[in-house]
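For reference, the structure discussed in these notes is given below.
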Amino acid sequence: MQRPVTTLRLSPQIKVKVLNAGFQTLDDVMQVSALELSREAGLSQEEALEVLQVARKEGGADGGGAGDGASLTALDLLQKEEALTRIVTFSSRLDAALGGGLPVGKITEICGVPGMGKTQLCLQLAVDVQVPPCFGGLGGQVVFIDTEGSFVVQRAVDLATAAVRHCTLLAEEAEQRDAAAAFTVETILSNIFMVRCHDYVELLAEIYLLPDFLSSHPKVRLVVIDSVAFPFRQHFDELRAQRTRLLNGLAQQLISMATKHDVAVVLSNQMTTRLQGGQSQLVPALGESWGHAPTLRLLLRWAGSQRQATIFKSPDCEEATVNYQITTDGFRDDDRSEQPPSKRPRTLAGQSAAC
Ligand code: ATP
Ligand code: MG
């Protein structure tokens, strides 16, 4: 992209700063993060983000969405839905309620108060997406964006160890035995691409750059952001409108990325209190307009001393609630007060995964 920076739809003041810092073409601008651009060109972080956004849009890296959609028929859509792949959660009850697991190509949000297990479920999915296809998995890779510093590698090792053990136990045919032998803790950890974002600027910059990474890593089938709320709950006390604008842009990017690169996007979100009719209610953070971004919303909550997961927004699943627990091995069904699950084929989608 040799297009000069001067031709971008930016204010003259911003253009001068960008040019003075030595950025001549779109190519030059697209090689740096928003943070670097802001430092090098003396721009505010918001201005640097705007430059990257305009450069990406006008450079055509993310264009064409409307054109793609316009050529789809309802039959195409039906076939796409039928071919939808899913990531098992290792909770057979939750998978059943979700129609087989979390959908690839869509955005799922996991909400809940601290300690409910949002990070645990994100980690579980990062392992599960790698389960070999002969066990009902996708054999994929994952990009894990950690905004809270809560990714604990030893916990990933625990979950990976349990998944490997489970597949080894399930292996019956030669293909499954070969796949189980290649499915090791080391390969699982090496297929998790970690990104640590310290603030919303780094997060937004990462999301702008991610499509290029996904193009060169087609095995990535899952992008996790744990959490999306944390970076946006600081610094915005008096800038609600700006936050909404940035979140709307982020939502568009994520939807486009999930569809074009056929990845599941899983976000964790915190809860906040809202006053309604004189009563305070716990609701997912980031406001009502953000609520339109995810296709599917899962609420993790306590019912007494029981952990429960409720699907509370989905275009194709009924609202459903299942019991779950967090064990040493990870996110699992909690059958202590329920009937045992019905017998299913020997794949992970049909197993309670209680190793
Ligand atoms: P936050 O909003 O603070 O990020 P969260 O919803 O992400 O919270 P997690 O960190 O996913 O919460 O879950 C923490 C809970 O997971 C702990 O309270 C504990 O009950 C459970 N947990 C974590 N590690 C283990 C383990 N090794 N064995 C059993 N349970 C565990
Ligand atoms: Mg967490």
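Listed here are the residues, each with its yes/no results for (1) surrounded by 15 or more Cβ atoms within 10 Å (Cβ to Cβ); (2) modelled with pLDDT of 95 or more; (3) out of contact with any helix residue (DSSP H, G or I) (no Cβ under 9 Å at 6 or more places or on another chain); (4) part of a helix (DSSP H, G or I).
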residue	(1), (2), (3), (4)
204	yes, no, no, yes
212	no, no, no, yes
222	yes, yes, no, no
237	no, no, yes, no
248	no, no, no, yes
251	yes, no, no, yes
256	yes, no, no, yes
259	yes, no, no, yes
294	yes, no, no, no
Exercise for the section: Report yes if residue 197 is closer than 24 Å to residue 138 by Cα and either touching a residue at least 12 places away in the same chain (Cβ under 8 Å) or within 16 Å of ligand 2 (Cβ to nearest atom) (or both), otherwise no. Expected result: no
Practice task
Kindly indicate which of 226, 178, 212, 199 is among the acidic types (Asp, Glu), assigned by TED's automatic domain parsing to the domain that holds residue 156 and touching a strand residue (DSSP E or B) at 6+ places or on another chain (Cβ under 7 Å).
Solution key: 226
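A quick yes/no check of all residues on (1) crowded, with 19+ Cβ neighbours inside 10 Å; (2) at pLDDT 95 or above; (3) in a helix (DSSP H, G or I); (4) among the β-branched types (Val, Ile, Thr):
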{"residue": "195", "(1), (2), (3), (4)": "yes, yes, no, yes"}
{"residue": "198", "(1), (2), (3), (4)": "no, no, no, no"}
{"residue": "242", "(1), (2), (3), (4)": "no, no, yes, no"}
{"residue": "245", "(1), (2), (3), (4)": "no, no, yes, no"}
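Out of the helices (runs of 4 or more DSSP H) lying entirely within segment 74-173, which hold 2 or more residues that are within 16 Å of ligand 2 (Cβ to nearest atom) and among the hydrophobic types (A, V, I, L, M, F, W, C)?
118-128, 153-170
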Practice task
Search segment 89-116 for residues that are in contact (Cβ under 8 Å) with a residue 60 or more places away in the chain and closer than 21 Å to residue 150 by Cβ and pair each with any residue that is of a type in the set (Lys, Arg) and more than 13 Å from ligand 1 (Cβ to nearest atom) when their beta-carbon atoms are under 9 Å apart and the residues are at least 6 apart or on different chains.
Solution key: 102/86; 108/297; 109/297; 109/313; 110/297; 111/297
Exercise for the section: For residue 232, indicate whether it is in contact (Cβ under 8 Å) with a residue 60 or more places away in the chain and aromatic (Phe, Trp, Tyr). Expected result: no
Practice task
Tell me which residues, restricted to segment 135-156, are over 23 Å from residue 104 (Cα atoms), of a type outside the set (Asp, Glu) and surrounded by 14 or more Cβ atoms within 10 Å (Cβ to Cβ).
Solution key: 150, 155
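Quickly run through segment 116-137 and pick out the residues that are within 16 Å of residue 325 (Cβ to Cβ) and among the aliphatic types (A, V, I, L, M). So that I can check it myself, show each step before the final result.
Keep residues of segment 116-137 that are within 16 Å of residue 325 (Cβ to Cβ), which gives 116-121, 123-124.
Selection gives 116, 121, 123.
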Fill in the blank from the handout: The residue from 218, 231 that alone is in a loop (DSSP other than H, G, I, E, B) and either surrounded by fewer than 15 Cβ atoms within 10 Å (Cβ to Cβ) or within 16 Å of ligand 2 (Cβ to nearest atom) (or both) is 218
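The values are calculated or read from the model by the stated rules, or taken from the named source; none is laboratory data. Since the model is a prediction, treat every value here as computed from it, not as a measurement. As a convention, Cβ positions derive from the backbone with ideal geometry for all residues, glycine included, and neighbour counts pool all protein chains shown.
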